[in-house]
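The values are calculated or read from the model by the stated rules, or taken from the named source; none is laboratory data. It should be emphasised that the depicted structure is a prediction, and the values quoted were computed from it without experimental measurement. Glycine gets a Cβ as well: all are built from the backbone with ideal geometry, and neighbour counts include every protein chain shown. These accessible areas exclude ligands, DNA and RNA; they are computed on the full protein's heavy atoms, side chains included. Shrake-Rupley method; radii C 1.70, N 1.55, O 1.52, S 1.80 Å.
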Amino acid sequence: MSDFLWFSGRVALVGMALGCRAFGQTAASRDVDAGLAAQIAAIRAFDDHAHPVLPPPADKADREFDALPVDNMEAETDTVAWRADDPQLVGAWKALWGFDGVAPLDGVGVGKLAAAKAAVKAREGAGFDAWVLDQAGIGVMVANRVAMSGAEGAALDKARFRWVPYADALLFPLDNAELAAESPDKKLFFPMEDRVRERYLKAVGMGGVPATLEEYLSQVVTPTLKAQKAGGAVAEKFEVAYLRGFDFSDPTQMEAEKIYAKWRGQSYPNEADYKVLQDFLFRYIARECGRLGMAVHLHAMAGGGGYFGVAGANPLLLEPLFDDARLRKTKFVLLHGGWPFVREAGALLQKPNVYLDLSQETLTFSPRTLSGWLREWLETYPEKVLFGTDGYPYSDGMGWEESTWIASKNGREALGLALTGMMRDGEVTRARAEAIAAMVMRGSAEGLYGK
């Protein structure tokens, strides 16, 4: 048997198994056309957004799965999908670890789950992360990480994972103590951003920000982006919605230079001045990403933490950026579908340089709920919608493995529901529905980032 035929058969078997788990358990799944369900289940997905952890044994100490990890924030009201009693966890534990448990786990159950995970990790070794993707039917995962490797050579497989590093730290080159004092969340986050910026400065041979804005751009910002591109980055990630709103103005470089010169080295820069500098830097970075052939990813959903500014994350605030002729070569991806602004995010797909993905929504919402606005997007701009999981290490009970598996299951079912409805209502033929499914699950992302 040829390698191609073996691989094709293996993909089909994995897809069929995933399809049985994904579509055979719920009332919603019975509303999905069986043939379409099988086709969607067999697709080796291109996951547009996730936070995988390094393979064992490096996983125990790995903290670079996010520039702003949310696990140490002040208590918030978690969504049901993040809670220890989420019933979806039971299926994920069984599928991944062969563990029969009831959510929430008691003390004994926690220990048994940990032992089951440890056994699988020991069996899979350095190939564990790729194994996780196989269980979720994912061929390629876009990894949002500070770095793709850790100590002693531990690294994610470049054949299965694409890198998206973080650019937020480059927006805040001045003293951030006053910004950190605005909320408990920011008190936690800005020191993290300062450490990332120091890391970037060290990488270009600097012990601090240079004297002028021109030097900062030419000696720090652009070299950092170029180095990350050379290191395999396909996009730059902004978590800026956790730090400030999307209301970016369009100052000139001369205006920004004056502010940089005025406040560099000073404590507590004027907030209004500092915002102007950030606004300039965001457009500069976005323009450089376009020039270098990297996309710009934006967290565009109500985020974690009890102080997250939901109103400031309305994607319509970004419309002036998308309409900026200087940024038309830059591809922007609105991560997480923009919830709760799902219609606003969908309308922005009219812009030729804007895409959105389903990540986190596939974990947070039921397939039935997600399929409603997904269908609206597919009826208007189907080639601009990307599958994603936002697999993330939320807790011992729901690591990046479980969240990836659940989100992949839900996302496929939601896509099947949306396309089945369109097919039965005569909006698309079966062939067109299958083509859209292939675009959402893999093809559009391959067109955006390359295979």
Taking into account only those residues within segment 56-98 that are polar (S, T, N, Q) and part of a loop (DSSP other than H, G, I, E, B), which is surrounded by the most Cβ atoms within 10 Å (Cβ to Cβ)? THR79
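Quick grid of which residues meet (1) within 27 Å of the chain's Cα centre (by Cα); (2) open to solvent by 50 Å² or more (accessible area, probe 1.4 Å); (3) closer than 21 Å to ALA50 by Cβ:
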residue	(1), (2), (3)
ASP106	no, yes, no
GLY111	no, no, no
ALA126	yes, yes, yes
ALA136	yes, no, yes
If you check SER359 against the conditions, is it in contact with a strand residue (DSSP E or B) (Cβ under 7 Å, 6 or more places away or on another chain), part of a helix (DSSP H, G or I) and either free of Cβ contacts under 8 Å to residues at least 24 places away in the same chain or among the small types (Gly, Ala, Ser) (or both)? no
Could we say that GLY372 is small (Gly, Ala, Ser) and either open to solvent by less than 20 Å² (accessible area, probe 1.4 Å) or part of a loop (DSSP other than H, G, I, E, B) (or both) here? no
Conditions (1) at pLDDT 95 or above; (2) under 19 Å from the mean Cα position of the chain (by Cα); (3) within 26 Å of ASP66 (Cα to Cα); (4) open to solvent by less than 30 Å² (accessible area, probe 1.4 Å): number failed by TRP339: (4)
Within segment 346-356, can one find any residue that is farther than 25 Å from ALA84 by Cα, hydroxyl-bearing (Ser, Thr, Tyr) and either crowded, with 18+ Cβ neighbours inside 10 Å or at pLDDT 95 or above (or both)? yes
Quick check: is even one residue across segment 381-404 among the hydrophobic types (A, V, I, L, M, F, W, C), over 18 Å from MET441 (Cα atoms) and either more than 13 Å from the chain's Cα centre (by Cα) or not in a helix (DSSP H, G or I) (or both)? yes
Restricting attention to segment 382-404, does a residue exist that is touching an Asp or Glu at 6+ places or on another chain (Cβ under 8 Å), of a type in the set (Gly, Ala, Ser) and within 16 Å of ASP129 (Cα to Cα)? yes
Quickly run through segment 249-278 and pick out the residues that are of a type in the set (Gly, Ala, Ser) and in a helix (DSSP H, G or I). ALA256, ALA261, ALA272
Can you give me the number of residues within segment 301-322 that are within 21 Å of PRO382 (Cα to Cα) and open to solvent by 60 Å² or more (accessible area, probe 1.4 Å)? 2
Condition set among the small types (Gly, Ala, Ser) and surrounded by 21 or more Cβ atoms within 10 Å (Cβ to Cβ), scope segment 140-197, selection nearest to CYS289 (Cα to Cα): answer is ALA167
Scan segment 422-444 and tell me whether some residue there is surrounded by fewer than 24 Cβ atoms within 10 Å (Cβ to Cβ), in contact (Cβ under 8 Å) with a residue 24 or more places away in the chain, out of contact with any helix residue (DSSP H, G or I) (no Cβ under 8 Å at 6 or more places or on another chain) and closer than 22 Å to LEU156 by Cα. yes
